[in-house]
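A.B. asks: Take a look at the following structure, please.
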Amino acid sequence: MQKNDFFIHTFRTLNSCYLYDVNINSIIRINESTYNILKNEQEIPNGDIRISKLKERGFLQPIDRNFQIEHPLTDKVESYIQNNLSLLILQVTQNCNLRCKYCVYSGSYVNRVHTNKRMNFETAKQAVDFYYNHSKNIDIASISFYGGEPLLEFELIRNIVEYCEMKFSGKQLNLNMTTNATLLTNEMMDFLQVHKINLTISLDGPEEIHNKNRVFADHTKGTFAKVLDNLNKFQQLYPDYVDTISFNAVFDEENNFKISNDFFSSDFMKKADVTFTTVSERDAKEYKDIQEEFVINYKYELFKMFLFCIGRLEQEDVSKLLSAHINKLKQSVHEHLKKPFISNGKTYPSGPCIPGVNRLFVTVDGELFPCERVSETNYAYKIGSLEDGFYLDKVKELLNIAQYTKTQCSSCWAMGYCDGCASDMSDGDKLVAKKRLERCASMRFTADEMMKEYCVLRENGYNFE
């Protein structure tokens, strides 16, 4: 019997060996001798008692080649997009007063660049009406302003907010904006506070880190001093509101993770809710090397977060930037293990969501895209328009993007833990399977790491419930 007859993945932590069985979507601890047998590429002796016992428990069944790779919500797409849109994102402008070096519109990425195009009020009003008519089942209406830099269109936003508050009267309304905070005036601060806009400010860390990439459009000056000056004014005017402001950081992996992490852990940022991402490589014209020091410092902070989870450190001793990692382990591994791998003869990678339902992105021209992550210059992503409504066939195609790679997906142990979606497949004006497959090794590595981390926490008594 060959190991490859099994649809499994084996891995080990410092203290234990594990088997992940894809067919039954389950992780179990195994002894080292069984691990070595399953890890070994050579022929497994027939009648081996260790293998027989696992089979008696339902493990180690052959790959079922009869399942279909199809998203389980495919037949319900029309119902979802008619009544369940969660969030509307309005691209109020494609212009910006900054030229951040890692921005997807900076010129460092394929196709997307800043332009002077802006959304007019009639398009915005039409988008709000469209969202209103397609979110009947949603308890909380959520609308976000996106750019470019949205505060370049403050008067438009003022008019949209007033219209939204009238349109959604009697229903909870969440209004959101992400800004670089350099254009804030007292008038804007008054407006944001009065209308309780959920504000997220882009801030990458201390001055030397932030100014490396976040520069004004003339490319001669960093923005850190201006952002801090505006924050101090905001604090003097509305201290309670400022406490609700969140921050989003983009960490350049050529920098030192520790420096930015220490900044966000300082007294100045102690109350702030901070999330971070790393510089996107999607459609980048050139790739940067990740510095070893960045990885070492990140892993050290993650180790401290694990110690906090098992009661070995106090909360104030760990980085708040890493709490999202634990939440991801819970959602991507713990919750996923509760689901069957095959349901009604169908299975699918975990990445794609129903395009437009979670984050409907409306461009300045009133075109509909799945979310703000995809390139609006690639019309393979276009899922409709305010005039035409949704293109149902296109929504279903992007939902079932694994059809492009179903041969490879059907034999991949990490399929259920793959978060790849259509946004990874852009090539000019089309989507290509090659771009998706380029990420497979990275996806499998990430899935393996998450399973190890999950099991280590479980070994040390952490309860994911």
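A.B. asks: Can you tell me which residues in the range 413-456 are crowded, with 18+ Cβ neighbours inside 10 Å and among the aliphatic types (A, V, I, L, M)?
C.D. replies: The answer is Ala414, Met415, Ala422, Met425, Leu431, Met443, Ala447, Met450, Met451.
A.B. asks: Please state which one of Lys435, Lys406 is closer than 19 Å to Ser343 by Cβ and outside any loop (DSSP other than H, G, I, E, B). Give the derivation first.
C.D. replies: On the way: Lys435 fails: closer than 19 Å to Ser343 by Cβ.
Unique residue meeting the criteria: Lys406.
A.B. asks: Moving to a separate point now. When residues of the range 317-353 are filtered for being closer than 18 Å to Ser265 by Cα and either charged (D, E, K, R) or touching a Gly at 6+ places or on another chain (Cβ under 9 Å) (or both), how many remain?
C.D. replies: 2
A.B. asks: Those residues that are in a helix (DSSP H, G or I) and either among the aliphatic types (A, V, I, L, M) or at pLDDT below 95 (or both), I need them from the range 212-231; list them, please. Spell out how you get there, then give the answer.
C.D. replies: The first filter runs over the range 212-231 and keeps only residues in a helix (DSSP H, G or I), leaving 212-213, 224-231.
Scanning the range 212-231 gives Lys212, Asn213, Ala225, Val227, Leu228, Leu231.
A.B. asks: It is to be established whether one or more residues within the range 211-225 are aromatic (Phe, Trp, Tyr) and either exposed (fewer than 15 other Cβ atoms within 10 Å of the Cβ) or farther than 18 Å from Ala272 by Cα (or both).
C.D. replies: Start the filter on the range 211-225 by keeping residues that are aromatic (Phe, Trp, Tyr), which leaves 216, 224.
Still in the list and also either exposed (fewer than 15 other Cβ atoms within 10 Å of the Cβ) or farther than 18 Å from Ala272 by Cα (or both): 216.
The answer is yes; a qualifying residue exists.
A.B. asks: Taking the criterion of being farther than 24 Å from Val113 by Cα, touching a strand residue (DSSP E or B) at 6+ places or on another chain (Cβ under 8 Å) and in contact (Cβ under 8 Å) with a residue 40 or more places away in the chain, would at least one residue in the range 381-393 satisfy it?
C.D. replies: To start, the set of residues in the range 381-393 that are farther than 24 Å from Val113 by Cα comprises 387-393.
Those still in the list that are touching a strand residue (DSSP E or B) at 6+ places or on another chain (Cβ under 8 Å) too: 390-391.
Next cut, in contact (Cβ under 8 Å) with a residue 40 or more places away in the chain only: 390.
Yes: one or more hits.
A.B. asks: Return the only residue of Thr115, Thr178, Thr200 being outside any strand (DSSP E or B) and among the polar types (S, T, N, Q).
C.D. replies: Working: Thr178 fails: outside any strand (DSSP E or B); Thr200 fails: outside any strand (DSSP E or B).
Unique residue meeting the criteria: Thr115.
A.B. asks: Determine the pairs where a residue that is under 27 Å from Leu175 (Cα atoms) and in contact (Cβ under 8 Å) with a residue 24 or more places away in the chain, located within the range 341-364, has a partner that is among the acidic types (Asp, Glu) and part of a loop (DSSP other than H, G, I, E, B) with Cβ atoms under 8 Å apart, the partner being 6 or more residues away or on another chain.
C.D. replies: What qualifies is Gly351/Asp419; Arg359/Glu372; Phe361/Glu372; Phe361/Glu376; Thr363/Glu376.
A.B. asks: Is there any pair with a first residue in the range 441-465 that is among the acidic types (Asp, Glu) and modelled with pLDDT of 95 or more and a second that is crowded, with 18+ Cβ neighbours inside 10 Å and not in a helix (DSSP H, G or I) whose Cβ atoms are under 6 Å apart and which are 6 or more apart or on different chains, and what are they?
C.D. replies: Between residues of the range 441-465 that are among the acidic types (Asp, Glu) and modelled with pLDDT of 95 or more and residues that are crowded, with 18+ Cβ neighbours inside 10 Å and not in a helix (DSSP H, G or I), the close pairs are Asp448/Phe11.
A.B. asks: Identify, from the list Ile63, Ile89, Ile140, the residue that is surrounded by 17 or more Cβ atoms within 10 Å (Cβ to Cβ) and either of a type in the set (Val, Ile, Thr) or free of Cβ contacts under 8 Å to residues at least 24 places away in the same chain (or both).
C.D. replies: Numbers: Ile63 fails: surrounded by 17 or more Cβ atoms within 10 Å (Cβ to Cβ); Ile140 fails: surrounded by 17 or more Cβ atoms within 10 Å (Cβ to Cβ).
After applying the criteria, what remains is Ile89.
A.B. asks: In addition: Would you check if Thr200 is in contact with a Leu (Cβ under 8 Å, 6 or more places away or on another chain) and at pLDDT 95 or above?
C.D. replies: Details: in contact with a Leu (Cβ under 8 Å, 6 or more places away or on another chain): no; at pLDDT 95 or above: yes.
Against the criterion (in contact with a Leu (Cβ under 8 Å, 6 or more places away or on another chain) and at pLDDT 95 or above), Thr200 does not qualify.
A.B. asks: With the requirement that a residue be touching a Leu at 6+ places or on another chain (Cβ under 7 Å) and aromatic (Phe, Trp, Tyr), what does the range 211-233 give you? Walk me through it before giving the result.
C.D. replies: Within the range 211-233, the first condition is being touching a Leu at 6+ places or on another chain (Cβ under 7 Å), and the residues that meet it are 214-217, 223, 227, 230.
Scanning the range 211-233 gives a single hit, Phe216.
A.B. asks: Look at Ser332 and say whether it is more than 18 Å from Pro72 (Cβ to Cβ), under 19 Å from the mean Cα position of the chain (by Cα) and buried (at least 19 other Cβ atoms within 10 Å of the Cβ).
C.D. replies: Details: more than 18 Å from Pro72 (Cβ to Cβ): no; under 19 Å from the mean Cα position of the chain (by Cα): yes; buried (at least 19 other Cβ atoms within 10 Å of the Cβ): yes.
It is false that Ser332 is more than 18 Å from Pro72 (Cβ to Cβ), under 19 Å from the mean Cα position of the chain (by Cα) and buried (at least 19 other Cβ atoms within 10 Å of the Cβ).
A.B. asks: If I filter the range 169-183 for residues that are more than 30 Å from Ala217 (Cα to Cα), in contact with a helix residue (DSSP H, G or I) (Cβ under 7 Å, 6 or more places away or on another chain) and not basic (Lys, Arg), do I get at least one hit?
C.D. replies: Our first condition is that a residue be more than 30 Å from Ala217 (Cα to Cα); within the range 169-183, this holds for 169-174.
Going one step further and asking which of them are in contact with a helix residue (DSSP H, G or I) (Cβ under 7 Å, 6 or more places away or on another chain), we end up with 173.
Pick out the ones that are also not basic (Lys, Arg) and you get 173.
Checking the range 169-183: at least one residue is more than 30 Å from Ala217 (Cα to Cα), in contact with a helix residue (DSSP H, G or I) (Cβ under 7 Å, 6 or more places away or on another chain) and not basic (Lys, Arg).
A.B. asks: Could you say whether any residue in the range 131-144 is assigned to a helix (DSSP H, G or I), at pLDDT 95 or above and over 26 Å from Thr377 (Cβ atoms)?
C.D. replies: Yes.
A.B. asks: Also, quick follow-up: Report yes if some residue within the range 241-257 is touching a strand residue (DSSP E or B) at 6+ places or on another chain (Cβ under 6 Å), in a loop (DSSP other than H, G, I, E, B) and either among the β-branched types (Val, Ile, Thr) or within 20 Å of Leu184 (Cα to Cα) (or both); otherwise report no.
C.D. replies: yes
A.B. asks: Please verify whether the range 315-322 includes one or more residues that are surrounded by 14 or more Cβ atoms within 10 Å (Cβ to Cβ) and either assigned to a loop (DSSP other than H, G, I, E, B) or more than 21 Å from the chain's Cα centre (by Cα) (or both). Steps first, answer last, please.
C.D. replies: First, the residues of the range 315-322 that are surrounded by 14 or more Cβ atoms within 10 Å (Cβ to Cβ): 318-322.
Adding the requirement that they be either assigned to a loop (DSSP other than H, G, I, E, B) or more than 21 Å from the chain's Cα centre (by Cα) (or both) leaves 318-319.
Yes, the range 315-322 has at least one match.
A.B. asks: Looking at the range 244-257, can you tell me whether even one residue there is over 24 Å from the mean Cα position of the chain (by Cα) and modelled with pLDDT under 95? First the steps, then the outcome.
C.D. replies: Within the range 244-257, the subset over 24 Å from the mean Cα position of the chain (by Cα) is none.
Looking through the range 244-257, none of the residues is over 24 Å from the mean Cα position of the chain (by Cα) and modelled with pLDDT under 95.
The values are calculated or read from the model by the stated rules, or taken from the named source; none is laboratory data. Please read all numbers here as calculations on a predicted model, not as lab measurements. Note that each Cβ is placed from the backbone with ideal geometry, even for glycine, and that neighbours are counted across all protein chains shown.
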